[in-house]
Amino acid sequence: QVQLVESGGGLVHPGGSLRLSCAASGSIFSINAVDWYRQAPGQQRDWIATITRGGSTNYADSVKGRFTISGDNAKNTVYLQMDDLKPEDTAVYYCSTFTGRIYWGQGTQVTVSS
């Protein structure tokens, strides 16, 4: 069993920044990669970034160059630094991992608005 808890969402103006956190607990030794997804109202949940245990990263084109995923193994936490935020980044952001089954956090709301 793995538990994931996201935090760090909020309201930010266009061009602003936020850092989301995803804290993992439970059978964390089984985690090989963590993903971030987001879901805007009325839209499907979209993948946006992945980090592997070895530190390799990958990004969706929509966030490449603006978002940075990183991890702190000592804190069992993955971060998503989001810069130059746009109104279209407004969504609920989820972290996820697959270890035999998929696990999701509860999500954190990010709203980008002036």
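The values are calculated or read from the model by the stated rules, or taken from the named source; none is laboratory data. Everything quoted here is computed from the prediction, not taken from an experiment. So basically every Cβ, Gly included, is an ideal-geometry build from the backbone, and we count neighbours across all protein chains shown. With ligands, DNA and RNA removed, areas are computed over all heavy atoms of the protein, side chains included. Shrake-Rupley method; radii C 1.70, N 1.55, O 1.52, S 1.80 Å.
Take the residues in the stretch 1-20 that are crowded, with 16+ Cβ neighbours inside 10 Å and among the aliphatic types (A, V, I, L, M); name whichever of them is nearest to the chain's Cα centre (by Cα). First the steps, then the outcome.
Keep residues of the stretch 1-20 that are crowded, with 16+ Cβ neighbours inside 10 Å, which gives 2, 4, 6, 8-9, 12, 18, 20.
Add one more test, that the residue is among the aliphatic types (A, V, I, L, M), and what stays is 2, 4, 12, 18, 20.
Values: Val2: 16, Leu4: 11, Val12: 17, Leu18: 11, Leu20: 7 Å.
Ranking the candidates gives Leu20 first.
Could you please find all residues in the stretch 21-53 being part of a loop (DSSP other than H, G, I, E, B), touching a strand residue (DSSP E or B) at 6+ places or on another chain (Cβ under 9 Å) and open to solvent by 40 Å² or more (accessible area, probe 1.4 Å)? Explain how you work it out, then say what you get.
Pass one, the stretch 21-53, residues part of a loop (DSSP other than H, G, I, E, B): 27, 31-32, 40-44, 53.
Narrowing the set further to residues that are touching a strand residue (DSSP E or B) at 6+ places or on another chain (Cβ under 9 Å) leaves 27, 31-32, 40-41, 43, 53.
Within the stretch 21-53, Asn32, Pro41, Gln43, Arg53 qualify.
Name the pairs: first residue in the stretch 88-100 and within 17 Å of Ser62 (Cβ to Cβ), second residue open to solvent by 30 Å² or more (accessible area, probe 1.4 Å) and polar (S, T, N, Q), Cβ to Cβ under 6 Å, at least 6 apart or on different chains?
Taking only residues 6 or more apart or on different chains, the pairs are Thr90/Thr111; Ala91/Gln39; Val92/Gln39; Val92/Gln109.
Under 6 Å between Cβ atoms, at least 6 apart or on separate chains: pull out the pairs that start in the stretch 10-24 with a residue that is touching a residue at least 12 places away in the same chain (Cβ under 8 Å) and end on any residue that is of a type in the set (Val, Ile, Thr) and open to solvent by 30 Å² or more (accessible area, probe 1.4 Å).
Once the first residue is touching a residue at least 12 places away in the same chain (Cβ under 8 Å) and sits in the stretch 10-24, its partners that are of a type in the set (Val, Ile, Thr) and open to solvent by 30 Å² or more (accessible area, probe 1.4 Å) give Leu11/Thr111; Ala23/Val5.
Quick check, is Gln106 surrounded by fewer than 16 Cβ atoms within 10 Å (Cβ to Cβ), under 14 Å from Leu20 (Cα atoms) and not β-branched (Val, Ile, Thr)? Write out each step before concluding.
Values: surrounded by fewer than 16 Cβ atoms within 10 Å (Cβ to Cβ): yes; under 14 Å from Leu20 (Cα atoms): yes; not β-branched (Val, Ile, Thr): yes.
Judged against the criteria, Gln106 is a match.
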